[in-house]
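K.L.:
One structure is given below, represented as structure tokens, and several questions about it will come after.
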Amino acid sequence: MPATATAETAEAKDSNPAACERSHAVNLPVIKAFLRPPTNNPLDSYTYIAGIKCREKGFLKQDTMIQSGIKEFEELANKGLRMEFTYFPDMTWSSFGPPAYSAMYVTSMDLYTGQTGVLWQNGQVHLTGSGWNGNAYNSPANQSFKAEGVPPLNNWRLFELWYGHKLSPQLELRVGKIYPWVKFASHQTSGIFQNLGFDYPGLYGTTQFTGNFLPFAGAPLGAQLSYNPNSHHQFLLHIADGKDDGTGGYKIALSDLSLSPEDGVEIIAEYAYLDHSPDPKKLPGYYKIGFQGNTGQFFNFRTGNTENGSYGGYVTLEKMLYAEPNTEIPRSQGLMGFMKFSGTSGTNTVVNLVTSAGLSYAGLFPGRDSDMAGIGVAYSQFNSYAASFYANSLGLQPSTGETALEAVYLAQLTPWLMVIGSYQYVITPSSMGATNPAIPSGHVVLLNTRISF
């Protein structure tokens, strides 16, 4: 999937009374971590995602800061090659330490083979590279959600490299290094929040000691199958190497085809139901249920031994609650809500259960139709054995869980520039389930920017 909100169903095109050239602006509100835009199944496929409409000309209206209007880039795009360059600088002020700065930059290229005129139809080659500079983490909070190890900063590394082929209009197969959480468990509504608690289940994964996905490394080698029998149902299956690239993405590692007992196999399956209608009076909903399992070896915090297998599941619900009347595009502005439940079994992960809920509003203020505002709460419950394990090693106290309250506002200043302000109040902030009783709660303020070149 490209790193931009370009996907649109046939229903959305047919229902739009004003035909225009579709904008390829970055779907900034829902970009999290390594780009997981839910554009393959937007909340309402019969309308546009708020703020992304027709392509326009002019520096403050064009899709990207630099590429738009340059003839050479437009010619390449017409021939099937699209390139994206996005920069994510963040600043954080919190009760847990000094101000922090970090930045991530992402480059992606997509070659749509059918548009080249010389290659096969229905194919897509996707490559994503990324890098960081600044501090390792943009917030001392959320430590319980972080993957083990320190990310290799100030270096570019390969993240995704896969080939996708449309076997039929309903069936697509992708093979290569694929980050599963672009399609799995992705949502518009929860995606605007900055606290990582709202990102579950996309953080559950395969690292040996925490059970969390290692977001700083390269995506594992695998295959992904998606089946959409109609505009309401979707089935997803992802099978991959059970251990992430331990080099941090410095090596392509496509030659590593071995599946050792320690690595195992990662399996994710999901069913999604999209409840929508061309009738503008009917409000859409989006519901998902998924399973994740890994047959590899994990550390059991209860016994102190390694054991095979880690399994979990999730349920997510997203619903539009109110649509503003008399808008240019029906249901493009209004109130949306979500609830998410995800958990793992056994005693070999740090986080056993995460629940979150929240509300977001697109176009809350007059004249700011592309902006989004949100409030939400996320709660994570720790594995008591893991909390004791890390508390003893760090000289702290074990915690039963962590709660984060967040208010966020996203101002889309241009199609290529968004400023995000977030305030969080974190109760019993923890590091791998270990908490400092001297800091029972604290504040986190984030100012983030998303720039597409």
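The values are calculated or read from the model by the stated rules, or taken from the named source; none is laboratory data. Remember, it's a predicted structure, so these values are computed and weren't measured experimentally. Cβ atoms come from the backbone with ideal geometry, glycine included; neighbour counts cover every protein chain shown. Ligands, DNA and RNA are stripped out before the accessible areas are found, and what is left, the full protein with its side chains, is counted by its heavy atoms. Shrake-Rupley method; radii C 1.70, N 1.55, O 1.52, S 1.80 Å.
K.L.:
Give me the extension gain from Val419 to Phe365: residue separation times 0.36 nm, minus the current Cα-Cα distance, reported in nm with one decimal.
P.N.:
17.8 nm
K.L.:
Rounded to the nearest whole Å², what accessible area per residue is found for region 297-366 with the 1.4 Å probe?
P.N.:
About 43 Å² of surface per residue is accessible.
K.L.:
Related question: By the scheme Lys and Arg +1, Asp and Glu -1, what is the net charge of all other residues having a beta-carbon under 13 Å from that of Phe365?
P.N.:
Here the count lands on -2.
K.L.:
Go through Lys288/Lys340; Lys57/Lys79; Lys61/Lys183; Lys281/Lys319; Lys288/Lys319; Lys183/Lys288 and tell me which ones have a Cα-Cα distance over 18 Å in this structure.
P.N.:
Those over the limit are Lys57/Lys79; Lys61/Lys183.
K.L.:
While we're here: Between Tyr101 and Leu76, how high is the FRET efficiency from 1/(1 + (r/R0)^6) when r is the Cβ-Cβ distance and R₀ = 35 Å? Nearest 0.05.
P.N.:
Once rounded, the FRET efficiency stands at 0.55.
K.L.:
Please give the length that would be gained between Tyr287 and Phe85 if that part of the chain were fully extended, namely 0.36 nm times their separation in residues minus their C-alpha to C-alpha distance (nm, one decimal).
P.N.:
Gain in length upon complete extension: 69.5 nm.
K.L.:
When Lys and Arg each count +1 and Asp and Glu each count -1, what net charge do the other residues less than 10 Å away from Leu446, Cβ to Cβ, add up to?
P.N.:
-2
K.L.:
To continue, here is another question. Could you give me the ³J(HN,Hα) list for region 313-326, computed from phi with Karplus coefficients 6.51, -1.76, 1.60 and θ = phi - 60°, whole Hz, x at Gly and Pro?
P.N.:
Karplus values, whole Hz, x for Gly and Pro: x, 7, 9, 10, 9, 9, 8, 7, 9, 7, 10, 5, x, 6.
K.L.:
Considering only protein heavy atoms and a probe of 1.4 Å, how much of the accessible area of region 262-337 is carbon and sulfur, as a whole percent?
P.N.:
Summing carbon and sulfur atoms, their accessible area is 56 percent of the total for region 262-337.
K.L.:
Let's test the formula: R0 of 22 Å, r as the Cβ-Cβ distance of Asn326 and Tyr273. What FRET efficiency results, to the nearest 0.05?
P.N.:
Calculated transfer efficiency: 0.15.
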